[in-house]
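Below: the structure, in structure tokens.
Only the coordinates and a few stated rules stand behind these numbers; no lab work does. Here the structure is a predicted model, which means the values were calculated and not measured. Note that each Cβ is placed from the backbone with ideal geometry, even for glycine, and that neighbours are counted across all protein chains shown.
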Amino acid sequence: MDKKRVEEMYVRFLRLEDMFLGLTEHVPLVADLADPRYSVASPKAAEFGLECCMWIETLMGELLSDKRWDDKVPSIQDVRDKGILNMDVYREPMGKWMGFSRGGYAIRDLGGPEIVPFAEWADEKNPQNPEWFRIYSKYKHRRFELDKRFTMGHALKAYVTLVMLVNHWRPRPLPFTRVLEGV
């Protein structure tokens, strides 16, 4: 990605982080990812999900075409040549070779587990796309339905994914986020 696009990505990231922090004013983050608060769906979570997931799709496409992976990801050119950009295409290079199936971050100051938004990709026998992305993808053109189904937990996983993607571009990785530890 050229320098101008990278700078625009950082500006957009900061806006999305503000948007996510706005959600946490209504549904506070807690360490236990099974907490019922993470199952709360809302129009605001859906709005964040639409905006964030569109950027995730954009940045995944950019990452797939990044030449830094040419010698590190076997058959990446074959994946690029398919000309189809979707999560099924991204799963092999990003899940296995770029570490998305294992990567994540913990919530700052809560001492909880890492949020691994692509954990479903690690199942080699039956890998599937993450629930948060399936909900976004299925209902992104049906806003009333998305409002009922996109939860705070989905928003958190989408946010973690965005941080993972933004951190792939150097020389300016995120020095920290206001939400996550270890970035």
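With under 13 Å from A155 (Cβ atoms) and among the basic types (K, R) as the only criterion, which of K44, K67 stands out?
K44
Residue check, M87 against (1) more than 27 Å from K148 (Cβ to Cβ); (2) surrounded by 16 or more Cβ atoms within 10 Å (Cβ to Cβ), all met but one. Which one?
M87 satisfies all of (1) more than 27 Å from K148 (Cβ to Cβ); (2) surrounded by 16 or more Cβ atoms within 10 Å (Cβ to Cβ) except (1).
Which members of the range 19-36 meet the condition of being over 16 Å from the mean Cα position of the chain (by Cα) and free of Cβ contacts under 8 Å to residues at least 60 places away in the same chain?
Once the filter is applied, which keeps residues that are over 16 Å from the mean Cα position of the chain (by Cα) and free of Cβ contacts under 8 Å to residues at least 60 places away in the same chain, the range 19-36 yields G22, E25, H26, P28, A34, D35, P36.
State whether the residues of the range 51-72 include one that is touching a Lys or Arg at 6+ places or on another chain (Cβ under 7 Å) and exposed (fewer than 15 other Cβ atoms within 10 Å of the Cβ).
yes
Taking the criterion of being farther than 28 Å from S39 by Cα, among the basic types (K, R) and out of contact with any Leu (no Cβ under 8 Å at 6 or more places or on another chain), would at least one residue in the range 91-99 satisfy it?
yes
I'd like to check which helices (runs of 4 or more DSSP H) are fully inside the range 115-183 and have at least 1 residues that are within 11 Å of the chain's Cα centre (by Cα).
The helices (runs of 4 or more DSSP H) meeting that bar are 131-139, 152-166.
Can you tell me which residue in the range 131-166 is surrounded by the fewest Cβ atoms within 10 Å (Cβ to Cβ), limited to those that are among the acidic types (D, E) and under 22 Å from D35 (Cβ atoms)?
Of everything passing the filter in the range 131-166, E131 is surrounded by the fewest Cβ atoms within 10 Å (Cβ to Cβ).
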